[in-house]
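See structure below.
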Amino acid sequence: MKLSTRILIMVAALAAPLSTLHAQRTATPADKIRLPEGFKIELLYSVPRDTQGSWVAMCEDDNGRFIVSDQYGGLYRFPVPAAGEVLDPASIEKITFSEDAPPVKKGKGKKDAPAKEAVPMMKDGLLNIGHAQGLCYAFDSLYVVVNSRSSSTGSGVFRLIDTDGDDQFDKLVTIKKLDATGGEHGPHAILPAPDGKHLYVVMGNQTALPADYTHSRVPELWAEDQLLPSLQHFMVGVEAPRGHIAQIDPEGKTWEILATGFRNQYDAAVNREGELFTYDADMEWDLNTPWYRPTRINHVVDGADFGWRTGSGKFMEYCSDTFGTAVDIGPGSPTGVTFGYGAKFPAKYQNAFFVCDWSYGKLYAVHLEEKGSTYSGYFEEFAGAQPLPLTDILINQNDGAMYFTVGGRRVQSGLYRVTYTGSESIEPVPTQPQMSEKREQRRELEAFLQQGAPEATAGDLDRIWSSLASSDRGIRHAARAALEKQPVKNWKGRLASEEDVRISSIAMIALARAGGKSSTAAVLEKATEIDYASLKDRQIRLDVLRGITLALTRGGQPSAKLKEKLIGTLDPVYPAQTPEENRDISAIMAYLKAPSAVEKGMALLAGASGQEEEIGYALNLRYLKSGWTPELRKDYMKWFVRAGGYKGGARLGNYLADIKNHAVASIPKSEMTDELTAIIKTEPAENDPQFTAEPRSFVKMWKMEELTGLLGAGLEGNRDFKNGRQMFGAGTCYVCHRFNNEGGAVGPDLTAAGGKFSPHDLLEAIIDPGKEISDQYGASIFKLKDGSQVSGRIMNMKEDSYWINTDMMAPSTITKVDAGQIESIEASPVSMMPPGLLATMTEDDILDLLAYLISGGNPDHELFVN
């Protein structure tokens, strides 16, 4: 082959005019990075930004070399440095094309990749393949996932091939062009599937499903499913399905949808059992709203919709038509992930699922545990620093070391190596996968979701139907999805005669989704036959409500007679036992314009324990025009004045303004009095947030020794659950902490705190938050060259700018600092958690709060009066 038609591998130390170069800095020094005892980290290379950019993706080729990608530039490859050595800049090569390289066309042509379309655009005599956020060497090829409209190839999946075995790629094949907006939520990672025959491709929510996808394991019943219009301030008008993971064959002839409903999962990895996991993003603008979801580890089961919808429309964690989280992490920006298999680490870390958080500079080790057919687990910080914008990670199977890159958004990039030098054993852990009974049962049901699966027989339907009653969420999910894949006429008639409420509650969800408007009456009639008050299982109650909700969103308003019957069923149990039920019922009653919707909704608003719960009720009341008394109208408008002081993500104020505007627009002109108008125009006071309708009075600044003696007899089964929940809100705990799927996420999740800490330790952490500060949630002091300093945590970065959150109680409070002006970064000795949070509480209030924390939010816990 002529040199002029070959893809050339060129040394990347390309000269640039000195006037265009950034001031060269190094990546964060290794000695500034926290690691568990016994681990060692080396900074192998600080990437020169002006010639090699900022690295965001990495893989290993068949010769053991690393290939990396600059987010806004090209691909580079280099040999792995030997132990004790750093990366030699001269060994780094860039992958580029010669000027007259012939265009490579794709086969017969499809809608998303026309046969006549060739790889376009030359620049400076070279055609660059780059802007990649996913790299994978498999099937004797380098697969490149490009996420950029401005790249020479455009967004999509591409394959580089060395056709003559001379260690130089000489063919570029377009696997699939993708419809992506070009933002950072586009196509991302690519990785081998466990069957050895396919690849998985990971795409964020700014990537549309290809129009010519060949199959979907997800039932193609996706919809927004909102009883009331959602609030939207980002990706406005974008509808499901978005954010998906696909399986493709090596040539890209097939594109099979495995799961949808992600926000911005950047990477994924497969465990020894062949189960797929990913780390999905939160929407930081939504912090402290009821629809906020922290970054989370998802077990990617076949056929799942993970519930992302734009704005306030996200499906709640408990909805059975989605699949929940395995582990909640907290706020952050997920990037690369890998399992620790092959690492010469202690067994605990060989089995860990390592996930990278770009914005907070954290590498987490997630320890997954089988929970029936799916997984749960816990996490720890494995590595961290400020800044440490992690982008990708892998375990080198040759030397057993961990390698990760930092970079992205043109910030200073680098390559690191982590090894273990401690005294624990690093013997390889057993690698033989074990098939659990529950997992096998789930996979048998998922077989009905696969391409080419035959229609279920009567016996198959019996098995699917009975599996809806399983106590295992994964099995229930697989059974529902399998049922929805079958012709509705084959199973619709089973619902009316079903006596097991566990089955009928999930079947209602399936029929509402698959049967559409023609099945609305059947679902709602079944709901009215269920004795809701007698249901002991909260999840079954929520499933009944979800079935009702979906029947209404898919079928619209029921007949007048059925509507009256449905209101008559719900009214006696509303308010219900839990905030989750009340949130759902308040939406249903508002949609139906039930006579009691205003009065009961306002009572819930007045008695809610925190801003998230309050916002949920206020949201559902906003369109109601009747049922108001003058006093209730004034109380509703006064709530907006108080809510104006609430803190949260960058769009909290916009969301609250939307709710208020809709509520004001719903007031008839005849009821718009001067007094009401004055309340509407009242500006909120610049005070700390107040989560109770009436201001709380100062009691005292409590000291530890004043309360220690109460912890024995005071916590012996006589506490008040409702008041404990109220105190969690009154103490502003929800502002920063997640608890039982509510609250903020800038502080640690406290749901499991009662199982980890004694009542004494919990109380001490509240009274004296600075006594012991976790590295994971501690602040840093940024000392600047002008002598000033900023205290907080890096939340975001771009080029030479660090965005620092300086107030934990107000996540959107940001100070921007030029990295070049920073003299030093040190750990702060002062906790970001303020003291005095118990100052408005009595002894009984404090004991109820402790009982609430210990219970994990379980009202049936032995600490409470039943």
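The table that follows gives values for the structure above.
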{"read-out": "Pairs with Cβ under 7 Å, 6+ apart, first in segment 144-168 and in a strand (DSSP E or B) and open to solvent by less than 20 Å² (accessible area, probe 1.4 Å), second charged (D, E, K, R) and at pLDDT 90 or above", "value": "G156/K176; G156/K177; V157/K176"}
{"read-out": "Residues being without any contact (Cβ under 8 Å) to a residue 40 or more places away in the chain and surrounded by fewer than 22 Cβ atoms within 10 Å (Cβ to Cβ) - total across segment 310-335", "value": "1"}
{"read-out": "Subset of segment 366-407 that is farther than 30 Å from L750 by Cα and hydroxyl-bearing (S, T, Y) - its residue that is surrounded by the fewest Cβ atoms within 10 Å (Cβ to Cβ)", "value": "Y403"}
{"read-out": "Among (1) open to solvent by less than 30 Å² (accessible area, probe 1.4 Å); (2) modelled with pLDDT of 95 or more, the one test that Y591 misses", "value": "(1)"}
{"read-out": "Exclusive hit being open to solvent by 20 Å² or more (accessible area, probe 1.4 Å) and closer than 19 Å to L632 by Cβ, set K561, K600", "value": "K600"}
{"read-out": "Pair list, Cβ < 6 Å and 6+ apart or interchain, from segment 471-494 residues that are in contact (Cβ under 8 Å) with a residue 60 or more places away in the chain to residues that are surrounded by fewer than 24 Cβ atoms within 10 Å (Cβ to Cβ) and of a type in the set (S, T, N, Q)", "value": "G474/T374; I475/Q441; I475/S467; R476/S470"}
{"read-out": "Segment 493-536, residues that are open to solvent by less than 30 Å² (accessible area, probe 1.4 Å) and among the small types (G, A, S)", "value": "S504, S505, A507, A510, A512, A514, G515, G516, S519, A527"}
{"read-out": "Tabulated pairs, segment 702-731, first on the phi > 0 side of the Ramachandran plot, second open to solvent by 50 Å² or more (accessible area, probe 1.4 Å), C-beta under 8 angstrom, 6+ apart or interchain", "value": "G717/E862; G717/V865"}
{"read-out": "Of the criteria (1) within 21 Å of V236 (Cβ to Cβ); (2) part of a loop (DSSP other than H, G, I, E, B), which one E317 fails", "value": "(1)"}
{"read-out": "Sole exception among (1) at pLDDT below 95; (2) touching a Ser or Thr at 6+ places or on another chain (Cβ under 6 Å) for Q434, by number", "value": "(2)"}
{"read-out": "Hey, R417 in a strand (DSSP E or B), touching a residue at least 12 places away in the same chain (Cβ under 8 Å) and farther than 30 Å from P219 by Cβ or not", "value": "yes"}
{"read-out": "Spans of helices (runs of 4 or more DSSP H) in segment 454-502 with at least 2 residues more than 28 Å from the chain's Cα centre (by Cα)", "value": "458-467, 494-497"}
{"read-out": "Residues being surrounded by 15 or more Cβ atoms within 10 Å (Cβ to Cβ) and not in a strand (DSSP E or B) - total across segment 62-90", "value": "8"}
{"read-out": "Pair list, Cβ under 6 Å, 6 or more apart: segment 640-667 residue within 24 Å of S626 (Cβ to Cβ) and part of a loop (DSSP other than H, G, I, E, B), other residue open to solvent by 20 Å² or more (accessible area, probe 1.4 Å) and not acidic (D, E)", "value": "S666/Y623; S666/K625"}
{"read-out": "Hey, T338 over 30 Å from S470 (Cα atoms) and open to solvent by 10 Å² or more (accessible area, probe 1.4 Å) or not", "value": "yes"}
{"read-out": "Pick from segment 732-768, criterion at pLDDT 80 or above and open to solvent by less than 30 Å² (accessible area, probe 1.4 Å), ranking: farthest from the chain's Cα centre (by Cα)", "value": "L763"}
{"read-out": "Failed item, numbered, when H760 is tested on (1) in a helix (DSSP H, G or I); (2) under 19 Å from G330 (Cα atoms)", "value": "(2)"}
{"read-out": "All positions within segment 408-422 that are farther than 16 Å from S359 by Cα, crowded, with 21+ Cβ neighbours inside 10 Å and β-branched (V, I, T)", "value": "V418"}
{"read-out": "Cβ-Cβ under 6 Å pairs, at least 6 apart or on other chains, segment 194-207 side in a loop (DSSP other than H, G, I, E, B), far side modelled with pLDDT of 95 or more", "value": "P194/V270; P194/G274; H198/Q247; H198/D249"}
{"read-out": "Residue ID - farthest from I129 (Cα to Cα), chosen from residues in segment 154-167 that are within 39 Å of the chain's Cα centre (by Cα) and of a type outside the set (D, E)", "value": "I161"}
{"read-out": "Number of positions in segment 1-50 that are farther than 27 Å from P346 by Cβ and either open to solvent by 50 Å² or more (accessible area, probe 1.4 Å) or modelled with pLDDT under 95 (or both)", "value": "28"}
{"read-out": "Selection status of G342, under 16 Å from R296 (Cβ atoms) and not in a strand (DSSP E or B)", "value": "no"}
{"read-out": "Any hit, segment 682-692, residues being surrounded by fewer than 12 Cβ atoms within 10 Å (Cβ to Cβ), modelled with pLDDT of 95 or more and of a type outside the set (A, V, I, L, M, F, W, C)", "value": "no"}
{"read-out": "Out of E499, E424, E455, E440, sole residue that is under 30 Å from E37 (Cα atoms), modelled with pLDDT of 95 or more and among the charged types (D, E, K, R)", "value": "E424"}
{"read-out": "Flag if V202 is surrounded by 24 or more Cβ atoms within 10 Å (Cβ to Cβ), within 20 Å of D249 (Cβ to Cβ) and out of contact with any Asp or Glu (no Cβ under 6 Å at 6 or more places or on another chain)", "value": "yes"}
{"read-out": "Checking S788 against (1) modelled with pLDDT under 85; (2) surrounded by fewer than 20 Cβ atoms within 10 Å (Cβ to Cβ), the condition it does not meet", "value": "(1)"}
{"read-out": "Test for T174: is it more than 17 Å from T96 (Cα to Cα) and open to solvent by 10 Å² or more (accessible area, probe 1.4 Å)", "value": "no"}
{"read-out": "Segment 65-99, subset over 20 Å from T391 (Cα atoms) and among the acidic types (D, E), residue modelled with the lowest pLDDT", "value": "E99"}
{"read-out": "In segment 843-866, the residues that are farther than 17 Å from N741 by Cβ and open to solvent by 60 Å² or more (accessible area, probe 1.4 Å)", "value": "E843, D844, D860, E862, V865, N866"}
{"read-out": "Selected residue [under 23 Å from R622 (Cβ atoms) and touching a residue at least 12 places away in the same chain (Cβ under 8 Å)] from G556, G547, G516", "value": "G556"}
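For every residue, the table says whether it meets (1) more than 15 Å from the chain's Cα centre (by Cα); (2) among the small types (G, A, S); (3) over 30 Å from E437 (Cβ atoms).
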{"site": "V218", "(1), (2), (3)": "yes, no, no"}
{"site": "I257", "(1), (2), (3)": "yes, no, no"}
{"site": "D282", "(1), (2), (3)": "no, no, yes"}
{"site": "R309", "(1), (2), (3)": "no, no, yes"}
{"site": "T325", "(1), (2), (3)": "no, no, no"}
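The values are calculated or read from the model by the stated rules, or taken from the named source; none is laboratory data. The model shown is predicted, which means the values in this text are computed figures rather than measured ones. No Cβ is skipped: glycine too gets one built from the backbone with ideal geometry, and neighbour counts run over all protein chains shown. Ligands, DNA and RNA are stripped out before the accessible areas are found, and what is left, the full protein with its side chains, is counted by its heavy atoms. Shrake-Rupley method; radii C 1.70, N 1.55, O 1.52, S 1.80 Å.
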